[in-house]
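Student: Structure incoming, see below.
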Amino acid sequence: MSRISKNVILVVLTLTSSAFLLFQLYYYKHYLSAKNGSGLSKSKGSRIGFDGMQWRAVKKFIMLTSSQNVPVFLIDPLILELINKNFEQVKNTSHASSTSECKVFCVPRDFTTFALQYQLWKNEEGWFWIAENMGFQCLKIESKDPRLDWIDSLSGTEIPLHYICKLASHAIHLVVFHERSGNYLWHGHLRLKGHVDRKFVPFRKLQFGRYPGAFDRPELQQITVDGLDVLIPKDPVHFLEEIPHSRFIECRYKEARAFFQQYLDDNTVEAMTFQKRAKELLQLAAKTLKKLGVRFWLSSGTCLGWFRQCSIIPYSKDVDLGIFIQDYKSDIISAFQDAGLPLKHKFGKVEDSLELSFQGKDDVKLDIFFFYEETDHMWNGGTQAKTGKKFKYLFPKFTLCWTEFVDTKFRVPCETVEYIEANYGKNQQGL
């Protein structure tokens, strides 16, 4: 009896264990696996795109710059456009917020572009070494500092202009902005030297560096994008609008030095007083037109002075600016009068040969010529004040670039030689 009871108990225990094991298998298959599966799916869904190289490279770069207190800010046109389209949503996203999908930094692209102001960078060499130790392959682009070209003993001093740091298939382009005396930011041309591997990255796809560029100093704000804290321009639309019109050309310092070796500079009190007044008038005109949102450029004798000798021609007695007629605004006269510059002459009309002249201090005059566009050329009209005789001056079509003149950022025709020759002929040295 006891033996039978033991066998029965053994069988019952075996059956119970088997049933419990079957129940565990069933429970795992139909409940836990479903629950874990949905959990994994949800977890995977909440991290869509975050395993992409673009996001990983940006994250690692931000970790690097944050740890070294390198004040970089995002200037990538594609990324800024995506941020701007969803700006309200991005602005209200905090770092602690759960991010369901990588929507910005995971878009397909070869580069992500950041910038920094060089004067705020305290540990350049240390940063470069740490970047390479974190797995980045970095290329440093240097060239001579154009701000020192006027000084023979310092001309040729090199400064960093661009860094390109590659992590696997994605690269970070770090544009180095330098402060200029006109209170704006400038970056240099990305020119590859002979030893550089042209296959390091697809250089032709870079958004910055094809030519030097000039930008207003942006105010920055911090936002969270795809779980990453980044600085961007506070007004991304304005920065994006600046990019296609940012090309910068330097004054020709070498040629200016040669000019003054041949023609001595006029250092008389009268000449220096005029140049001071002309500089003040130019800066006031620039401030007034900027408030109106009107594009303008250095024209006629003022442009010649910039091009030939990097300074105001002391015997010119006036300041000349050009404006496209399509940028004319009806309140331009009242704006200058409010700035303390009364209207002296108005020739022509908006439809034909408009020219405005304003009176500055000490009889220094501001002349504004309006340019009209035809199919294959541009022109502006001129009127002789005493006789009323009209003239028409033809120019080849031109675009506008930034430059620095009298410690201020001004536009000039990019095709400067053709513009100057249309005005003064091929030999302007003795004018």
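The values are calculated or read from the model by the stated rules, or taken from the named source; none is laboratory data. Quick caveat, the model's predicted, so the values are computed rather than measured. Here the Cβ positions follow ideal geometry from the backbone for every residue, glycine too, while neighbour counts run over all protein chains shown. When the accessible area is computed, the model is the full protein with side chains, heavy atoms only, and any ligands, DNA or RNA have been set aside. Shrake-Rupley method; radii C 1.70, N 1.55, O 1.52, S 1.80 Å.
Student: Look through ASP362, ASP320 and report the one residue that is assigned to a strand (DSSP E or B) and either at positive phi or touching a helix residue (DSSP H, G or I) at 6+ places or on another chain (Cβ under 6 Å) (or both). Steps first, please.
Tutor: Numbers: ASP362 fails: assigned to a strand (DSSP E or B).
ASP320 is the lone residue from the list that is assigned to a strand (DSSP E or B) and either at positive phi or touching a helix residue (DSSP H, G or I) at 6+ places or on another chain (Cβ under 6 Å) (or both).
Student: With the condition kept exactly as written, say whether any residue in the range 153-160 is assigned to a strand (DSSP E or B) and touching a residue at least 60 places away in the same chain (Cβ under 8 Å). Reasoning before the result, please.
Tutor: Going residue by residue through the range 153-160, those that are assigned to a strand (DSSP E or B) are 158-160.
When the remaining residues are screened for being touching a residue at least 60 places away in the same chain (Cβ under 8 Å), the result is none.
Looking for residues that are assigned to a strand (DSSP E or B) and touching a residue at least 60 places away in the same chain (Cβ under 8 Å), one finds none in the range 153-160, hence no.
Student: Consider ILE141 carefully, then state whether it is touching a helix residue (DSSP H, G or I) at 6+ places or on another chain (Cβ under 9 Å), within 25 Å of PRO244 (Cβ to Cβ) and assigned by the TED database to the domain that holds PHE128. Outline the logic, then answer.
Tutor: Numbers: touching a helix residue (DSSP H, G or I) at 6+ places or on another chain (Cβ under 9 Å): no; within 25 Å of PRO244 (Cβ to Cβ): yes; assigned by the TED database to the domain that holds PHE128: yes.
In short, no.
Student: Only one of ARG277, ARG295 is surrounded by fewer than 19 Cβ atoms within 10 Å (Cβ to Cβ) and closer than 16 Å to ASP367 by Cβ. Can you tell me which?
Tutor: Working: ARG295 fails: closer than 16 Å to ASP367 by Cβ.
That would be ARG277, the only listed residue that is surrounded by fewer than 19 Cβ atoms within 10 Å (Cβ to Cβ) and closer than 16 Å to ASP367 by Cβ.
Student: Determine which member of the set ILE312, ILE325 is closer than 30 Å to ILE249 by Cβ, β-branched (Val, Ile, Thr) and buried (at least 21 other Cβ atoms within 10 Å of the Cβ). Let's see the steps before the verdict.
Tutor: Working: ILE325 fails: buried (at least 21 other Cβ atoms within 10 Å of the Cβ).
That would be ILE312, the only listed residue that is closer than 30 Å to ILE249 by Cβ, β-branched (Val, Ile, Thr) and buried (at least 21 other Cβ atoms within 10 Å of the Cβ).
Student: What about GLY382, is it in a helix (DSSP H, G or I) and either small (Gly, Ala, Ser) or at negative phi (or both)?
Tutor: Working: in a helix (DSSP H, G or I): no; either small (Gly, Ala, Ser) or at negative phi (or both): yes.
No: the conditions fail for GLY382.
Student: Follow-up question, since we're still on this one. Pairs please, first residue from the range 125-147 and touching a residue at least 40 places away in the same chain (Cβ under 8 Å), second anywhere and part of a strand (DSSP E or B) and exposed (fewer than 14 other Cβ atoms within 10 Å of the Cβ), Cβ atoms under 8 Å, 6+ apart in sequence or on different chains.
Tutor: Pairs found: SER143/GLU158.
Student: If the Cβ limit is 6 Å and pairs must be 6+ apart or interchain, which residue in the range 292-309 that is within 15 Å of LEU281 (Cα to Cα) pairs with which residue that is part of a strand (DSSP E or B) and aromatic (Phe, Trp, Tyr)?
Tutor: LEU298/PHE410; SER299/PHE369
Student: Is there any pair linking a residue in the range 202-219 that is under 18 Å from CYS401 (Cβ atoms) and of a type in the set (Lys, Arg) to one that is open to solvent by less than 60 Å² (accessible area, probe 1.4 Å) and in a loop (DSSP other than H, G, I, E, B), with Cβ under 9 Å and at least six apart or on different chains, and which?
Tutor: Final answer for the pair search is ARG210/HIS189; ARG210/LEU190.
Student: A further question follows. Looking only at the range 373-403, how many residues end up being open to solvent by less than 20 Å² (accessible area, probe 1.4 Å), over 27 Å from ARG217 (Cβ atoms) and in contact (Cβ under 8 Å) with a residue 24 or more places away in the chain?
Tutor: 4
Student: Then there's this: What are the residues in the range 61-77 that are closer than 11 Å to LEU231 by Cβ and in a helix (DSSP H, G or I), if any?
Tutor: ILE62, THR65, SER66
Student: Quick check on this structure: which one of VAL364, VAL412, VAL406, VAL417 is open to solvent by 60 Å² or more (accessible area, probe 1.4 Å) and among the aliphatic types (A, V, I, L, M)?
Tutor: On the way: VAL364 fails: open to solvent by 60 Å² or more (accessible area, probe 1.4 Å); VAL412 fails: open to solvent by 60 Å² or more (accessible area, probe 1.4 Å); VAL406 fails: open to solvent by 60 Å² or more (accessible area, probe 1.4 Å).
Going through VAL364, VAL412, VAL406, VAL417 in turn, the sole match is VAL417.
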